Protein chains: 2
Amino acid sequence: MKSTFEELSNELKKKKIRLSHQRLKVLEYLTLHLCHPTVEQIYVDLQKEVPTLSKTTIYNTLSSLIESGLVRVITIEDHETRYDIRTENHGHFKCESCGEIYDFNVDIDSLQSVDLNNFKINDKNVYFKGICPRCLLSINKIK
Amino acid sequence: MKSTFEELSNELKKKKIRLSHQRLKVLEYLTLHLCHPTVEQIYVDLQKEVPTLSKTTIYNTLSSLIESGLVRVITIEDHETRYDIRTENHGHFKCESCGEIYDFNVDIDSLQSVDLNNFKINDKNVYFKGICPRCLLSINKIK
DNA sequence: TTTTTACTTTGTAATCGTTACAGATTAATT
DNA sequence: AATTAATCTGTAACGATTACAAAGTAAAAA
Ligand SMILES: [Mn+2]
Ligand SMILES: [Mn+2]
Ligand SMILES: [Zn+2]
Ligand SMILES: [Zn+2]
C-alpha cells in the first residue's frame, strides 16, 4: 500500500494541479477528516502545522479541487459551505439539534424523473434533516 | 373558489400569525412566483407596490412562514438562500449555465436508508445540477 | 545546477447576504 | 377610542467569501 502522501500527489499530478505544500496539506486534511469540515475548521487546524497558511489559500485550493472533481460541496447549511472528499454517491443528514452531519447510504442512481428527460445531470445531492439518535436520547432523558 | 387574498389570510390565521399588510404581500408574491425567488428579488419587486417595505421585514416574514411550515428553504445555491411556497415533496434542478431552478417530480418518500433507522427525519431535499434543455440547445448551436 | 517563468500564496480590503437592535408604527383586543 | 403587544423600519454590525497586488515557489528550460 502506497503512502497517503504519494497517493494524493499522484491524484494532483493526474489532474495537472501543481503539488504545493498547502494543497497537499488541505487534501490530507480532508482524507483524515470525513466530517465535512468548513473552511474555518480546516484553517484553524492546519495553522498548527503550517503557521503561515492563509485562509484565502484554502478557498483557492478547494476551488481547484472541486473543479477537478476531487472534492464535493455540501450546501446542507445555508450560511457556511462544507466540503467532502468522498465523491461517491451518498446522502447527508443534518441533526437540527447538535448540528452534526452524518453520511448515509442511499440509492441515488435510482432517483429518476421523467421531468428531466432532456436535462443533462452532472450532480445529485440528497439532504435530510431531523434529530440524530444521540440527541433523541438526551431529549428523552430530560422529559 | 375563494380569493387568493382570503385563502392566504386564513392560512395565517390558522397558524396564529398576525395578518400584517407586509406578510400578506410576501405570501402573495410567493404564490405568484414559484421560481424560488431570493430575498433580493422579493424586495425589488414588492417595493414597487409597497415603497416603505424594508428588507429586514422580508427576512422576518420568511422566518415565521418557514417556522410555521408554509414556506420551505432551498439551499441548492451556496451563497444565496431561495424560498418555495410549494411544500409538497418535489426535487430541484439547478442549471449551471443559466442559473434557473426547475421543479421536478420525484418519489422522495421511497428514499430510505437502513443507516437512518434510529434517526427522526423532519425534512427531505433532493438537489440535482447540470444543464437545462434550453441551454443544451444553444450550446449545440454554437458548435 | 542555475535561471527563468508562470503559477501560487499571502495579507488586506472590499463585497454582499444576513442578523441585531432600538425607536416608530400598527393589528387586534378591550 | 384607548391599550398593548407584536410588527415594521432604517441603520449598523457581522461573517463568509472574493478581489487584488506584492512576495514566494514549483516546475520547466538552459
Ligand atoms: Mn459525506
Ligand atoms: Mn420548488
Ligand atoms: Zn444530534
Ligand atoms: Zn439553463
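The values are calculated or read from the model by the stated rules, or taken from the named source; none is laboratory data. As the structure is a prediction and not an experimental result, all values here were calculated from the model. As a convention, Cβ positions derive from the backbone with ideal geometry for all residues, glycine included, and neighbour counts pool all protein chains shown. Just so you know, the surface numbers come from the protein's heavy atoms only, side chains and all, with ligands and any DNA or RNA stripped out. Shrake-Rupley method; radii C 1.70, N 1.55, O 1.52, S 1.80 Å.
In peptide B:126-135, what is the residue-averaged number of other protein chain Cβ atoms found within 10 Å of each Cβ? Show your work: numbers first, answer last.
Values: counts 9, 7, 11, 8, 7, 5, 4, 5, 1, 2.
Mean partner-chain Cβ count within 10 Å for B:126-135: 6.
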Label-to-label distances across copies for residue A:60, with labels 7 Å out along Cα→Cβ, in nm, shortest first?
4.4
Eligible lysines near residue A:124 by straight Cα distance, threshold 24 Å, same-chain separation 8 or greater:
A:15, A:94, B:94, B:120, B:124, B:129
The protein assembly as shown, accessible surface, carbon-and-sulfur percent (1.4 angstrom probe):
49 percent
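Based on DSSP, what percent of beta bridges with both residues in the protein assembly as shown are antiparallel, to the nearest 5?
On the way: 27 of 35 bridges.
For the protein assembly as shown, the DSSP antiparallel bridge percentage is about 75.
Would you mind getting the accessible area per residue of the protein assembly as shown, heavy atoms of the protein chains only, 1.4 Å probe, in Å²?
Result: 57 Å² of accessible area for each residue.
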When the solvent-accessible surface of protein heavy atoms is calculated with a 1.4 angstrom probe, in what order do B:79, B:21, A:33 fall, highest first?
B:79, B:21, A:33
If you count only protein heavy atoms and use a 1.4 Å probe, how large is the accessible surface of residue B:45, to the nearest 10 Å²?
50 Å²
Could I have the simple spin-label model distance between residue A:47 and residue B:89, label points 7 Å from Cα toward Cβ, reported in nm to one decimal?
4.4 nm
Does any residue of region B:54-98 lose at least 40 Å² of accessible area with all protein chains in place compared with its chain alone, and if so which ones (probe 1.4 Å)?
B:75, B:78, B:93
Area hidden from solvent between A and B (accessible, protein heavy atoms only, 1.4 Å, total, Å²)
2900 Å²
Could you pull the copy-to-copy label distances for residue B:32, with points set 7 Å along Cα to Cβ, in nm to one decimal and sorted shortest first?
5.7
Rounded to the nearest 10 Å², the 1.4 Å probe accessible area of residue A:40 is 80 Å²
Putting +1 on Lys and Arg Cβ atoms and -1 on Asp and Glu Cβ atoms, find which of B:59, B:132, B:17 reaches farthest to the positive end of the dipole of the protein assembly as shown.
B:59
Give, rounded to the nearest 20 debye, the magnitude of the charge dipole that region B:5-84 has about its Cα centre when Lys and Arg contribute +1 at Cβ and Asp and Glu contribute -1 at Cβ.
440 debye
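Just to check, using Stokes-Einstein with a Kirkwood Rh over alpha carbon pairs, what's the diffusion coefficient of chain B at 4 °C and 1.567 mPa s in µm²/s? Mind dumping the intermediate values first?
Details: Rh = 17.2 Å.
The diffusion coefficient I find is 75 µm²/s.
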Kindly give the distances from residue A:109 to its copy-mates, label point to label point, with each label point 7 Å from Cα along Cα→Cβ, as nm values to one decimal ordered shortest first.
2.7
What is the spread of the Cα atoms of region B:5-84 along each of their three principal axes, largest first, in whole Å?
33, 28, 21
In sequence order, calculated HN-Hα J values of region B:13-20 (Karplus, 6.51, -1.76, 1.60; Hz; x Gly/Pro):
4, 3, 7, 6, 9, 4, 8, 7
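Report the calculated FRET efficiency for residue A:142 and residue A:6 (r = Cβ-Cβ distance, R0 = 45 Å), to the nearest 0.05.
Details: r = 50 Å, r/R0 = 1.11.
So, using R0 = 45 Å, E works out to roughly 0.35.
Keeping all protein chains in place and using 1.4 angstrom, which order do B:101, B:121, B:85 fall into by accessible surface area, from largest down?
Details: B:101 15, B:121 70, B:85 40 Å².
Highest to lowest solvent-accessible surface, that is B:121, B:85, B:101.
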Charges at C-beta only: +1 for Lys and Arg, -1 for Asp and Glu. How large is the resulting dipole of chain A about its Cα centre, in Debye rounded to 20?
280 debye
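I'd like the mean, over residues of A:102-113, of how many other protein chain beta carbons sit within 10 Å of each residue's own Cβ. List each step's numbers first, then the result.
Numbers: counts 3, 2, 6, 4, 6, 4, 3, 0, 3, 8, 3, 10.
Whole-number average of other-chain Cβ neighbours for A:102-113 is 4.
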Principal axis lengths of the protein assembly as shown from Cα atoms, whole Å, largest first?
70, 63, 41
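State whether region A:91-142 is rounded, prolate or oblate according to the following rule on the C-alpha gyration tensor (a ≥ b ≥ c being the square roots of its eigenvalues): a/c under 1.5 gives rounded; otherwise a/b larger than b/c gives prolate, and the remaining case gives oblate. It would help to have the intermediate numbers written out before the result.
Details: a/c = 3.74, a/b = 3.55, b/c = 1.05.
Prolate, since a/c reaches 1.5 and a/b exceeds b/c.
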Ignoring ligands and nucleic acids, residue B:20 exposes an accessible area, probe 1.4 Å, in Å² to the nearest 10, of 40 Å²
